[in-house]
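Structure record follows, encoded as structure tokens.
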Amino acid sequence: MGFPANGSSASAKPFKFLIYGRTGWIGGLLGKLCESQGIDYTYGSGRLENRGSLEADLAAVKPTHVFNAAGVTGRPNVDWCESHKVETIRTNVVGTLTLADVCREKGLVLINYATGCIFEYDSDHPIGTGIGFKEEDSPNFIGSFYSKTKAMVEDLLKNYENVCTLRVRMPISSDLSNPRNFITKITRYEKVVNIPNSMTILDELLPISIEMAKRNLTGIWNFTNPGVVSHNEILEMYRDYIEPNFTWKNFTLEEQAKVIVAPRSNNELDATKLKQEFPELLPIKESLIKYVFKPNQKTTGA
């Protein structure tokens, strides 16, 4: 195969990135990052499930690396997937596998933004113990159809040695106006549960994903900041840094179940592998303050 061994640095040839997911949150941020770093990039115009259109993109662009930030998460949330199962399969399973296969044929590394919402706390990984799920662990959460498709495709992608699977969780960015931002979501909810979770600070981790492409890293990676943070801890920071009069109400998982269609994933992912590759990676609470709350600070007390 044409792609280099896992972890080898790329040749002197200038980078050219082909990115899928132009209209999505992560896809849009990737384009801006490439611009700021002076990396040549193009957004894919093909549909993921249309093999011919992907082959045409690769032939026209001749990229050094491909990034997949396209996928169906559902609007306004993953409950949409419960009633749109074929559409969810078409993009999340058929589309992602087709892109991986086309990239493999061309000897190209594919950076695939996947999800860590395929696990839930269990007796071997109890809440609050710091024992997180590792990259080699098999998914144990298929409570939502979205998570079910993502678990299926992760398992199949293990066979593609050119794919780097990044398990993103509850993504957060410094853009607090973005409705996809986990912080923005929970500040707008009438009630929130309060459970510690692994999360992904995009401002810190997306540049790392570009570096991973440059290093030709492949395989599965827990793509979260080390440690966990709870809903209440985030909302307390929001109150302390942004809105001093902010208040919220909690409710239990049992109460939450009455107002959502599909159960939600809560877990801790073990970020040791990522931290070993990128020692500068900050723990989740430090990253939240540095990348999200400090830049947006409106209060004087925090």
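The values are calculated or read from the model by the stated rules, or taken from the named source; none is laboratory data. What you see is a predicted model, and the numbers here were worked out from it, not measured in a lab. Positions of Cβ are backbone-derived with ideal geometry, glycine not excepted, and every protein chain shown enters the neighbour counts. Side chains included, ligands, DNA and RNA excluded: accessible areas come from the protein's heavy atoms. Shrake-Rupley method; radii C 1.70, N 1.55, O 1.52, S 1.80 Å.
Things to note:
- In the stretch 21-52, the residues that are within 15 Å of residue 95 (Cβ to Cβ), free of Cβ contacts under 8 Å to residues at least 40 places away in the same chain and open to solvent by less than 50 Å² (accessible area, probe 1.4 Å): 44, 46, 52
- The stretch 182-204, subset in contact with a strand residue (DSSP E or B) (Cβ under 8 Å, 6 or more places away or on another chain) and outside any loop (DSSP other than H, G, I, E, B), residue farthest from residue 282 (Cα to Cα): 192
- Of everything listed in (1) open to solvent by less than 10 Å² (accessible area, probe 1.4 Å); (2) closer than 16 Å to residue 275 by Cα; (3) among the aliphatic types (A, V, I, L, M), the single unmet condition for residue 186 is (2).
- Residue that is nearest to residue 125 (Cα to Cα), among those in the stretch 202-226 that are touching a residue at least 60 places away in the same chain (Cβ under 8 Å) and in contact with a Pro (Cβ under 8 Å, 6 or more places away or on another chain): 225
- If you check 225, 194 for being touching an Asp or Glu at 6+ places or on another chain (Cβ under 9 Å) and either farther than 24 Å from residue 136 by Cα or open to solvent by 30 Å² or more (accessible area, probe 1.4 Å) (or both), only one passes: 194.
- Residue within the stretch 263-276 that is among the polar types (S, T, N, Q), open to solvent by 40 Å² or more (accessible area, probe 1.4 Å) and over 21 Å from residue 211 (Cα atoms) present: no
- Counting only helices (runs of 4 or more DSSP H) that fall entirely inside the stretch 61-124 and contain at least 3 residues that are open to solvent by less than 40 Å² (accessible area, probe 1.4 Å), the qualifying elements are 96-105.
- Residues of the stretch 133-143 that are under 17 Å from the mean Cα position of the chain (by Cα) and in a loop (DSSP other than H, G, I, E, B): 134, 135, 139, 141.
- The stretch 228-256, subset among the hydrophobic types (A, V, I, L, M, F, W, C), part of a loop (DSSP other than H, G, I, E, B) and open to solvent by less than 30 Å² (accessible area, probe 1.4 Å), residue farthest from residue 159 (Cα to Cα): 246
- Of all residue pairs spaced 6 or more apart or on separate chains, those with beta-carbon atoms under 6 Å, a first member in the stretch 257-282 that is more than 30 Å from residue 75 (Cβ to Cβ) and a second member that is modelled with pLDDT of 85 or more and assigned to a helix (DSSP H, G or I) are 278/208; 281/275.
- Restricting attention to the stretch 135-150 and to residues that are out of contact with any strand residue (DSSP E or B) (no Cβ under 7 Å at 6 or more places or on another chain) and closer than 30 Å to residue 64 by Cβ, the residue that is most open to solvent (accessible area, probe 1.4 Å) turns out to be 136.
- Residue 259 being among the hydrophobic types (A, V, I, L, M, F, W, C) and open to solvent by 60 Å² or more (accessible area, probe 1.4 Å): yes
- Filter result for residue 216 (in a loop (DSSP other than H, G, I, E, B) and open to solvent by less than 10 Å² (accessible area, probe 1.4 Å)): yes
- Given (1) in a helix (DSSP H, G or I); (2) within 15 Å of residue 110 (Cβ to Cβ), number of the condition residue 46 does not satisfy: (1)
- Number of positions in the stretch 173-200 that are under 19 Å from the mean Cα position of the chain (by Cα) and charged (D, E, K, R): 3
- Counted residues, the stretch 152-178 - those being touching a Pro at 6+ places or on another chain (Cβ under 8 Å) and either assigned to a strand (DSSP E or B) or at pLDDT below 95 (or both): 0
- For residue 281, the requirement of being assigned to a loop (DSSP other than H, G, I, E, B), open to solvent by less than 40 Å² (accessible area, probe 1.4 Å), within 21 Å of residue 215 (Cβ to Cβ) and at pLDDT 95 or above is met.
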